[in-house]
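Below you'll find the structure, written out as structure tokens, and then a few comments.
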Amino acid sequence: MAILEICRVGDPILRQKAEPVVKVSQKIKDLLADMAATMYAAPGVGLAAPQVGVSKRIIVVDVGEGLLELVNPVIVSQSESATATEGCLSVPGVVGDVTRAYEVVVRGLDKKGRQVEIAATDFLARALQHEIDHLDGILFIDKAKNIREVTEEEERE
Ligand code: NI
């Protein structure tokens, strides 16, 4: 496993639409492991492959309920909405208030290439939506209100 360098806002890869993964190969499994290690080291609660310079549809999330590794994640349903504070490892130093669905169902492949479906609420739902946005070149600052500076301790994601 390796700790990867995290791309920052201004890097064009963060604005590209990431490519779907055709096969969950050993290379993809290795990338998932490196992304998880990078997320934990940051520390953060989620990371998308474009943030480590790979324009593929892969995310990792851990909001304290265990590691989720998803390939080609898609939101298949969502309901209600809630506003909460977010930050991003690629946009250090600021947070903002983002309105997102409170509940989502996300479908994708796990690291063994099996189809999985995850029903999430609240902070986990928020983290999944934030990371999936990264796959479409969207950053939380595009959606946030009241963007403000924070101390390093307050940063997350
Ligand atoms: Ni982010």
Please give the number of the condition Leu70 fails out of (1) within 11 Å of the ligand (Cβ to nearest atom); (2) part of a strand (DSSP E or B).
(1)
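Let's see how each residue does on (1) farther than 17 Å from Ile132 by Cβ; (2) within 16 Å of the ligand (Cβ to nearest atom):
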{"position": "Ala18", "(1), (2)": "no, yes"}
{"position": "Gln26", "(1), (2)": "yes, no"}
{"position": "Leu32", "(1), (2)": "no, no"}
{"position": "Val94", "(1), (2)": "yes, yes"}
Go over the candidates Val74, Val94, Val60, Val9 one by one and state the one that is surrounded by 19 or more Cβ atoms within 10 Å (Cβ to Cβ) and in contact with a helix residue (DSSP H, G or I) (Cβ under 9 Å, 6 or more places away or on another chain).
Val60
Are any of the residues in segment 3-16 within 18 Å of Gly113 (Cα to Cα) and either of a type in the set (Val, Ile, Thr) or in contact with a strand residue (DSSP E or B) (Cβ under 7 Å, 6 or more places away or on another chain) (or both)?
no
Subset of segment 17-53 [of a type in the set (S, T, N, Q) and under 26 Å from Pro92 (Cβ atoms)]:
Thr38, Gln51
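Conditions tested, residue by residue: (1) out of contact with any Phe, Trp or Tyr (no Cβ under 6 Å at 6 or more places or on another chain); (2) within 12 Å of the ligand (Cβ to nearest atom); (3) in a loop (DSSP other than H, G, I, E, B).
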position: Thr83; (1), (2), (3): yes, no, no
position: Arg107; (1), (2), (3): yes, no, no
position: Gly113; (1), (2), (3): yes, no, yes
position: Ile118; (1), (2), (3): yes, no, no
position: Leu124; (1), (2), (3): yes, no, no
position: Ala127; (1), (2), (3): yes, yes, no
position: His134; (1), (2), (3): yes, yes, no
position: Ile138; (1), (2), (3): yes, yes, yes
position: Arg148; (1), (2), (3): yes, no, no
Which count do you get for residues in segment 20-33 that are touching a Lys or Arg at 6+ places or on another chain (Cβ under 7 Å) and either surrounded by 15 or more Cβ atoms within 10 Å (Cβ to Cβ) or in a helix (DSSP H, G or I) (or both)?
4
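Read the figures in this text as sums done on the coordinates, not as results from a lab. All values reported here derive from a predicted model rather than from experimental measurement. A quick note on method: Cβ atoms are made from the backbone with ideal geometry, for glycine too, and the neighbour counts reach across all protein chains shown.
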